[in-house]
């Protein structure tokens, strides 16, 4: 099983500033992802709660070992890589503008094509707000994709993704906070699948527990729309409120805590995660429990690995 089919590309955009394409005429739209999610029974509420794992996969939090190095180190190494390898062997061009500030960079890609036919196009800015990219000590990174209405895009012969908006990571020795208001379109031709996803003032504040997991406070809104009818997931925007911090284990599973999921129409439900992977939803005064095997299918994109 894997939710990471398209999220791999999305996550690489966030951690190493790579991005992508458009969804095509027949694919899901950002308007669908921003529409009001339906929460009218326990299953729809459970599917809405599965957005948490989906966004964690996009952010790279699904396997949260060595988070400090994963985020802070990769951001700094990405900056150095761009400085040292500012060429496009397959065509196009690429430029870096630092405005005499090495911790504030604008990266401009113009159909920059790698030797593997991967194409980057658009603008991304990286700003270190605490520490420095120079000595790998940056603990507060703000990455902004696109400028105005122009997104930042990535494409190769089978996949594409486009991304616009700000994404911020704040790290300490034992915690990480991700904040974002993003729009993402992704396509995988090999699996005939397209996804539109949005986040609005979404945050995940994760305190590591020292064993590869952590406790997370989650808030803000997230939404998605899929082209495939085989993906069991909510469509539209869901707002999250943490009632008890959510425990995430080293595999990215939600194994403790409670959240409230709600939509713009005022419907809501409480969702509780248990250590055995089961998920209990309270909706309109009634409760229903979903086994882990069922919950993990929600918003999951099957890569065929079983």
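Read the figures in this text as sums done on the coordinates, not as results from a lab. Since the model is a prediction, treat every value here as computed from it, not as a measurement. Using ideal geometry, Cβ is built from the backbone for each residue, glycine included, and neighbour counts are taken over all protein chains shown.
For the pair residue 175 and residue 275, label points projected 7 Å from Cα toward Cβ lie 2.4 nm apart.
Look at the alpha carbon pairs under 8 Å that are at least 6 residues apart: their mean separation over the length of region 116-178 gives a relative contact order of 31 percent. For 115, 183, 43, the sequence from fewest to most other C-beta atoms within 10 Å is 115, 43, 183. Between the alpha-carbon centres of region 232-306 and region 36-56 there is a gap of 6 Å. Cβ crowding within 10 Å, taken as a proxy for footprinting-reagent exposure, orders 125, 241, 287 from fewest neighbours to most as 287, 241, 125. Once C-alpha pairs closer than 8 Å and six or more residues apart are averaged by separation and normalised to the residue number of region 192-270, the relative contact order reads 25 percent.
Once both labels are positioned 7 Å from their Cα atoms along Cα-to-Cβ, the gap between residue 265 and residue 135 label points is 5.6 nm.
Inter-label distance, residue 228 to residue 158: 1.3 nm, where each label sits 7 Å from its Cα along the C-beta direction.
The ranking of 35, 221, 137 by Cβ neighbour count inside 10 Å, starting from the fewest, reads 137, 35, 221. The mean sequence distance of close C-alpha pairs (under 8 Å, at least 6 residues apart), as a share of the length of region 153-306, puts its relative contact order at 13 percent.
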